[in-house]
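This report concerns only the one structure given below.
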Amino acid sequence: MIDFPLPRLEPPEAAVVAALGLKGGRRPSPRSAELLRRALELFRGLSEPRGVSLPVTAEEFAAIFRGQGRNARHAPLEVIFPRAERLHLFAFTLGERISAEIRRLFAGDDFALGAVLDAVASLAADNAGRVAEGWAESQAAGLKAYLYSPGYCGWHISGQEKLFASLKPGAIGMSLNNSYLMAPLKSISGVLVAGPAGIHRISGDYPFCAQCKSPACRERVTERSA
Amino acid sequence: MEILQRIAQSLEAGDDGDVPGLTRQALAEGIAPKVVLDQGLIAGMNVVGEKFRVHEIFLPDVLLAAKAMYAGMDILKPLLSSAGVASRGRVVIGSVQGDLHDIGKNLVGIMLRGAGFEVVDLGNDVAAEKFVAEAKSRDARVIGMSALLTTTMPVMKEVVDLLKKENLHGRIKTIIGGAPVSREYAGEIGADAYGYDCAQAVERVKELAAAASLRGGTAAS
């Protein structure tokens with residue numbers, strides 16, 4: 001059971017400000033600072049963080065990863081997971097209330113607050129992935145764990161179907177639509193891959209890397225190796 | 001005209017409380033609604049867009065200004081309609097099928113409305129066929145598509161191909177945006193434009209809408 005204490009999910013103000021495009025250490029205007037304060041308050045009041053995980057063997061995961069056969073011809077995960085020592089299917093959601101509030105704010109023309117809350121919730125969901133990675137590393141000393149998700153790095157989004165069928169995150173209120181998109185909106189899913197640090201290094205010369213402007217798959221390994 | 005400068009300044013400050021009153025005051029002074037729109041509200045929004053482009057302000061400041069713009073537009077809209085001032089055109093936007101990331105698309109929609117366009121927001125997870133069908137039925141000049149996942153980008157090409165198949169390519173212009181998308185990719189799939197961020201997307205849409213008008217307007221109904 002992975003614990004997701006809200007303070008560990010809440011992003012620092014500086015991270016939210018950066019995510020919303022204020023560069024060079026500039027301070028937000030008083031009106032925007034007030035929006036940030038209100039968004040963080042809403043985040044604390046509306047979040048219902050819940051996660052679920054399931055250990056799987058490499059053979060079991062191979063079938064899940066293959067999904068509907070729509071992955072890129074070559075994808076990093078296909079050479080990473082067979083070298084892992086532990087694999088856990090994983091899903092996490094911040095719950096429906098915060099997603100509903102973001103929709104309500106946009107629909108009611110309070111989109112400035114909606115945008116800030118959306119950024120806070122997205123960063124919090126990312127932080128949940130890091131909490132889960134820390135949990136996976138705590139299960140076996142000396143291993144590095146990273147979360148890999150359908151929709152990224154050549155793993156086709158349709159991979160969600162088999163992942164959900166095995167993991168059954170309906171128990172924490174998550175579902176998929178016909179396009180394999182998750183509800184509630186602020187949710188993440190994938191496989192926690194724990195193994196020697198070296199297995200996570202991705203070359204960056206896959207065809208889809210040329211179109212990718214946010215190579216988090218490589219940056220996160222560099223950051224945590226430093 | 002000092003009142004127009006005050007409208008622009010209040011809008012820049014994101015003051016949606018002051019803008020409606022100042023807009024009414026400008027009208028009471030006999031200034032034409034179109035002039036209030038162009039030299040007050042849109043002038044203010046242009047300054048905001050430029051400050052955002054150079055990272056002097058950040059997104060919430062732009063959105064507060066857009067909200068103030070809406071407050072002013074609520075007063076001007078009926079007057080502009082009765083004076084026969086047309087909108088700048090209709091734009092259909094959405095996040096492509098398989099993609100639920102819609103914040104960037106939402107922001108583009110807000111800023112397009114602020115720039116005087118009518119926006120039909122189809123939401124997220126929108127199939128290629130729906131983009132085209134809605135653009136046709138709504139008589140739109142431009143389709144704007146957003147994607148955040150490399151795995152969903154091919155839907156953008158499906159839309160362009162479908163427009164070509166229906167002989168609408170060029171009459172309905174296309175613009176794409178989102179983290180994995182680039183100007184090169186737009187060229188590769190035959191899209192008419194690429195928007196790096198929401199401010200640039202609005203500038204590109206203005207150009208596309210003008211070009212679509214020159215071609216004799218909009219989609220076949």
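Place a point 7 Å from the Cα of B:Glu56 along the Cα-to-Cβ direction; which residues of region A:1-31 have their backbone N under 15 Å from it?
Of the residues in region A:1-31, A:23, A:26-27, A:29 have backbone N under 15 Å from the label point off B:Glu56.
Quick one: if you stick a label point 7 Å off each Cα along the C-beta vector at B:Ala133 and A:Glu48, how many nm between them?
Calculated label separation equals 3.4 nm.
What is the gain in length, in nm to one decimal, between B:Asn167 and B:Glu188 on full extension, counting 0.36 nm per residue of separation less the C-alpha to C-alpha distance?
5.7 nm
Which aspartates and glutamates have a Cα lying under 16 Å from the Cα of A:Lys23, excluding residues fewer than 8 positions away in the same chain?
Once the sequence-local aspartates and glutamates are set aside, what remains near A:Lys23 is A:Glu13, B:Glu50, B:Glu56, B:Asp61, B:Asp197.
Tell me the angle of helix A:30-46 to the major Cα principal axis of chain A, expressed in degrees between 0 and 90 and rounded to the nearest ten.
50 degrees
Across the residues of A:111-119, average count of Cβ atoms on other protein chains within 10 Å?
Mean partner-chain Cβ count within 10 Å for A:111-119: 6.
For region B:69-122, what's the relative contact order in percent, using C-alpha pairs closer than 8 Å and at least 6 residues apart?
Relative contact order comes out at 43 percent.
Suppose a student asked you for the relative contact order of chain B, using Cα pairs under 8 Å spaced at least 6 residues apart; what percent would you report?
17 percent
Leaving out same-chain residues fewer than 8 places away, which lysines sit with a Cα under 30 Å from that of A:Lys162?
A:Lys144, A:Lys186, A:Lys213, B:Lys105, B:Lys130, B:Lys157
For A:Arg130, project a label point 7 Å along Cα to C-beta. Then give me every residue of region A:5-38 with its amide nitrogen under 17 Å of that point.
A:5-20
Whole-Hz ³J(HN,Hα) for each residue in region A:3-13, computed from phi via Karplus 6.51 cos²θ - 1.76 cosθ + 1.60 with θ = phi - 60°, x for glycine and proline: what do you get?
Once rounded to whole Hz, the list reads 9, 10, x, 3, x, 7, 8, 5, x, x, 3.
Stretched out fully, how many nm does the piece from A:Ala183 to A:Arg26 gain, at 0.36 nm a residue minus the Cα gap?
Working it through step by step, the gained length comes to 53.0 nm.
Determine the calculated [θ] at 222 nm for chain B from helices alone, applying -39500 (n - 2.57) to every DSSP H run no shorter than 4 residues and normalising by the residue count; nearest 500 deg cm²/dmol.
Calculated at 222 nm, the ellipticity per residue is -16500 deg cm²/dmol.
List the residue ranges in chain B for DSSP H helices whose C-alpha atoms run 18 angstrom or more along the long axis and whose Kyte-Doolittle average is 0.0 or above.
B:59-82, B:198-214
Which of the lysines could be linked to B:Lys34 by a straight reach, that is with a Cα gap under 27 Å, when you skip same-chain ones fewer than 8 residues away?
B:Lys51, B:Lys67, B:Lys77, B:Lys173, B:Lys206
Work out, step by step, the length gained on full extension between B:Asp74 and B:Ala210: first 0.36 nm times the residue separation, then minus their alpha carbon distance; give nm to one decimal.
46.5 nm
For every other residue with a beta carbon closer than 14 angstrom to the beta carbon of B:Phe52, add +1 if it is Lys or Arg and -1 if Asp or Glu, then tell me the sum.
It works out to a net charge of -2.
Tell me which GluC sites (Glu not before Pro) from region A:21-125 have a DSSP coil assignment and no more than 16 other beta carbons within 10 Å of their own.
A:Glu85
Loop sites only, by DSSP: take the trypsin sites (Lys or Arg not before Pro) in chain A that have at most 14 other C-beta atoms within 10 Å and name the longest stretch containing none of them.
Excluding the exposed sites themselves, the longest stretch runs over A:74-200.
Residues with amide H under 5 Å of B:Val120's amide H, sequence separation 5 or more or different chain, H placed in the peptide plane at 1.01 Å from N; which?
B:Val91, B:Val92, B:Ile93
Amide H neighbours of A:Arg86 under 5 Å, counting only residues 5+ apart in sequence or on other chains, H built in-plane at 1.01 Å?
Amide H neighbours of A:Arg86, under 5 Å, 5+ apart: A:Ala194.
Read the figures in this text as sums done on the coordinates, not as results from a lab. Because the structure is predicted, anything quoted here is derived from the model rather than measured. No Cβ is skipped: glycine too gets one built from the backbone with ideal geometry, and neighbour counts run over all protein chains shown.
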